[in-house]
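Enquirer: My structure is below; once you've seen it, I'll send some questions.
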């Protein structure tokens, strides 16, 4: 069990800024934990696998927005890379490279959040 | 007169002073500090007391005379509490006497607001502000009063305030205090009022204000927001402070009544409805949390559902928060759809997206978005933007309403006046029926057609209806033509005809003279042109000035055709009515003088509509003859 601040610091996310924006630590913790149920990464991976560029763009875009809102800077940055690689693209290939970094950060974020949830 | 602060009397002197003041005060007591502090009952009236103990102690503490007004058994008394020393010991000389009417009236005057005849701010500051009691305290704030004042004038504003004060009085108890607290703010203090009665009365006050009729502005409906709190031993001012806070929440919607006794749900039902459209549940949850305290939240996860909800909730919706990038219908498409339905004129849409490129922002604005919030969300910014936008739109709606009510009323009034004047003229001219109305309709028809056909004449809707309105005054000069000539059954002699012709110049002069305070007014300008030149002809053979072709202002040209047509098709003392078709043919053939060929084309084009639009002879109700 770690605190939400610790979880944020562990993954290199901006806790203080998110706290100020999202009505304090208690509310932020509620939102952040809700991210464990967020489906946009699953959707992104499924669309990438299916070669569905538009679907992948939508999912990446959502993931980008959510991580930005929650102050997950570590996740937001690779999400921007993937989103931009998919914007207006016909194929998903251009985003594969960025996906790698995104998946890494996603795994780190989820694991830190799970620790905080325990 | 004794100087209160310094007075130190002997027992005898004190007794003498008591006897002296007893001549003017029916009740006089000399009280020692011990008596004041220890006497179990009221110093004046035992247990029926409007207590003066506190005031007595105050007088002692401040070494200054305290004056109180008190009500006992329906009579008002003036109590004066003068601190003095008797044998070195502090005492209070208590003097009470009924207030005579004149004195009461004078005091009332000082504390009465001139406009509304309720208590004024001075009364509040001196008598109410620091009073501690158990009471309901309410602040009543008129909505958009400044707008009303600015548009209807100060005098109307003053009348409205008086009417509102009377309305508020009708909703509260006679013993409650009503103060004009600020320009458009009132404070009501209702001592010892049960909670449910307090809430009920606040609603009564709000209803009464809404039902208020302002003399001379019967079409205006005022509303007030009411914020009420109950105080238990706190000062009235503390109560007012809390009520103002409560009110600032209520102010999102005109006419809201909110009191701290309201259950949360009751207040929630007053909350503005906000629709959040975002495909990400996470983002909806965050926004919902930010806004749910102040608003009722609806959510939609795609554009289709959102549009259905907009249709279903219609005017109840106060604001839409709209994500740009969504699967299916994008936010831009939703926005475009809303604009097409012209919903977005009344329903503000705030776009939300991380697409903070200038293009996205500009496109959103072009499509009618009111504002734009970019990610990451900041609760402080989101809340403020949402509340500002809602207030702005609500205010704008009320304002538009007020202005259009007024505008319509004005138009109706000037219409009515012109109709009456035209009626009087017809009566005198012996023109049966609706000559003036017909000419107005004809003028409008011909003008509409003319603007379409001509490449050079441009008159917008408003100008056309102004000309049509001005046409009602075309024969105003006939007012100064002798009745014997005006209503002569037979043919006019050449001399009589010369006199008759002067109705054009007389009318024009009249308008010039009567309208000299309205120089530059479009209606006046047109009315002048029409009155003077509606008997001119295209070939220069008309009167009074023999103008030719386009020297004749277009307004006068059009009215001249309309006038001729209506004269032909109406009954006159000297002739029968000529049928529609025949009349048109006579005009085309130049039997009534030559007209602008373009106008004759127009006449041909609208001839069927003329027959439809104008009152047929059977419909005509003749004015009574004198």
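Enquirer: Can you go through B:254, B:306, B:243, B:261 and tell me which one is modelled with pLDDT under 90, assigned to a helix (DSSP H, G or I) and either in contact with a strand residue (DSSP E or B) (Cβ under 8 Å, 6 or more places away or on another chain) or outside the structural domain of residue B:179 (by TED's automatic domain parsing) (or both)?
Expert: B:243
Enquirer: Further question: Taking the condition of being touching a strand residue (DSSP E or B) at 6+ places or on another chain (Cβ under 9 Å), in a strand (DSSP E or B) and buried (at least 17 other Cβ atoms within 10 Å of the Cβ), how many residues in region B:188-240 meet it?
Expert: Going through region B:188-240 one residue at a time, the tally reaches 12.
Enquirer: Would you call residue B:315 out of contact with any helix residue (DSSP H, G or I) (no Cβ under 7 Å at 6 or more places or on another chain) and not in a helix (DSSP H, G or I)?
Expert: In short, no.
Enquirer: Would you pick out the residues in region A:7-20 that are surrounded by 19 or more Cβ atoms within 10 Å (Cβ to Cβ), under 17 Å from residue A:64 (Cα atoms) and within 11 Å of chain B (Cβ to nearest Cβ)?
Expert: Residue satisfying the conditions is A:18 alone.
Enquirer: If you check B:127, B:85, which single one turns out to be surrounded by 14 or more Cβ atoms within 10 Å (Cβ to Cβ) and not assigned by TED's automatic domain parsing to the domain that holds residue B:211?
Expert: The conditions single out B:85.
Enquirer: Here is a further query. Give the residue that is nearest to the other protein chains (Cβ to nearest Cβ), with candidates limited to residues of region A:29-38 that are surrounded by 15 or more Cβ atoms within 10 Å (Cβ to Cβ) and touching a residue at least 40 places away in the same chain (Cβ under 8 Å).
Expert: Checked region A:29-38; the qualifying residue nearest to the other protein chains (Cβ to nearest Cβ) is A:35.
Enquirer: Could I ask something else about it? Would you confirm, using the coordinates I've provided, whether residue A:57 is closer than 25 Å to residue A:98 by Cα, more than 8 Å from chain B (Cβ to nearest Cβ) and part of a helix (DSSP H, G or I)?
Expert: Considered against the rule, which asks whether it is closer than 25 Å to residue A:98 by Cα, more than 8 Å from chain B (Cβ to nearest Cβ) and part of a helix (DSSP H, G or I), residue A:57 comes out as yes.
Enquirer: Something else now. Among B:439, B:418, which is in contact with a helix residue (DSSP H, G or I) (Cβ under 6 Å, 6 or more places away or on another chain) and either over 14 Å from residue B:470 (Cβ atoms) or not assigned by TED's automatic domain parsing to the domain that holds residue B:465 (or both)?
Expert: Sole residue among the options that is in contact with a helix residue (DSSP H, G or I) (Cβ under 6 Å, 6 or more places away or on another chain) and either over 14 Å from residue B:470 (Cβ atoms) or not assigned by TED's automatic domain parsing to the domain that holds residue B:465 (or both): B:418.
Enquirer: May I ask you to list the residues in region B:334-382 that are assigned to a helix (DSSP H, G or I), at pLDDT 85 or above and within 14 Å of chain A (Cβ to nearest Cβ)?
Expert: Those that are assigned to a helix (DSSP H, G or I), at pLDDT 85 or above and within 14 Å of chain A (Cβ to nearest Cβ): B:379, B:380, B:381, B:382.
Enquirer: Taking the residues in region B:167-187 that are in a strand (DSSP E or B) and at pLDDT 90 or above as candidates, determine which candidate is nearest to the chain's Cα centre (by Cα).
Expert: B:185
Enquirer: Further question on the same structure: Does residue A:80 satisfy the condition of being part of a helix (DSSP H, G or I) and either away from every other protein chain (no Cβ under 14 Å) or under 15 Å from residue B:282 (Cβ atoms) (or both)?
Expert: Against the criterion (part of a helix (DSSP H, G or I) and either away from every other protein chain (no Cβ under 14 Å) or under 15 Å from residue B:282 (Cβ atoms) (or both)), residue A:80 does not qualify.
Enquirer: Looking at residue A:68 and the list (1) at the interface with chain B (Cβ under 9 Å from one of its Cβ atoms); (2) surrounded by 20 or more Cβ atoms within 10 Å (Cβ to Cβ); (3) not in a helix (DSSP H, G or I), which single condition is not satisfied?
Expert: Unmet for residue A:68, out of (1) at the interface with chain B (Cβ under 9 Å from one of its Cβ atoms); (2) surrounded by 20 or more Cβ atoms within 10 Å (Cβ to Cβ); (3) not in a helix (DSSP H, G or I): (3).
The values are calculated or read from the model by the stated rules, or taken from the named source; none is laboratory data. Because the structure is a prediction, the values reported are computed rather than measured. Here the Cβ is made from the backbone with ideal geometry for all residues, glycine too, and neighbour counts use every protein chain on show.
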